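Q: Structure below; questions to follow.
Derivation of every value follows stated rules applied to the coordinates shown; laboratory data play no part. Because the structure is predicted, anything quoted here is derived from the model rather than measured.
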Amino acid sequence: MHAFAGALDAVVVSIGSLGGEATIARFELIGEAERRLMREFGGVGELLCNVFDHDGRIIDHPLNQRVMSVPMDAVRAAPIRVLAAGGPHKVAAIEGAIKLLKPTALVTDEETARKLTGGFA
């Protein structure tokens, strides 16, 4: 998988928040106690099940050592990086993901764009 991941021309990803509507919680990939602990570690969102903080850093949490996904370095190395995420409940997660991924394009809704601090609106 690493050879394939290293040859990515483009990626289109979305992110999840760590709130009550979080995908990783909704599909019971983690429990409420673990999600709460990740928030205490500074986690605001997840990208490919890698939990990150508002500064775009992958947090030091055991969940991040258990994840099997395309390595973040390979995702960030793709020349075209599209982040598609929306909803006011995801603002902090989107801001962290922008710092983590450094997307070449952001697809979101107008309400969320107006709330982002990065000057995207």
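Q: Provide the gained length on full extension for the span His89 to Glu110, in nm with one decimal, where the gain is 0.36 nm per separating residue minus the Cα-Cα distance. Spell out each step's value before the answer.
A: Details: separation 21, 0.36 × 21 = 7.56 nm, distance 1.35 nm.
Stretched out fully, the His89 to Glu110 stretch lengthens by 6.2 nm.
Q: Length gain on complete extension for the stretch Asp73 to Asp9, per 0.36 nm per residue less the alpha carbon to alpha carbon distance?
A: Extra length from Asp73 to Asp9 when fully extended: 21.7 nm.
Q: Based on the Cα gyration tensor of region 2-115, what are the three equivalent ellipsoid semi-axes, each the root of five times an eigenvalue, rounded to whole Å and given largest first?
A: With the √(5λ) rule applied to region 2-115, the semi-axes are 21, 18, 11 Å.
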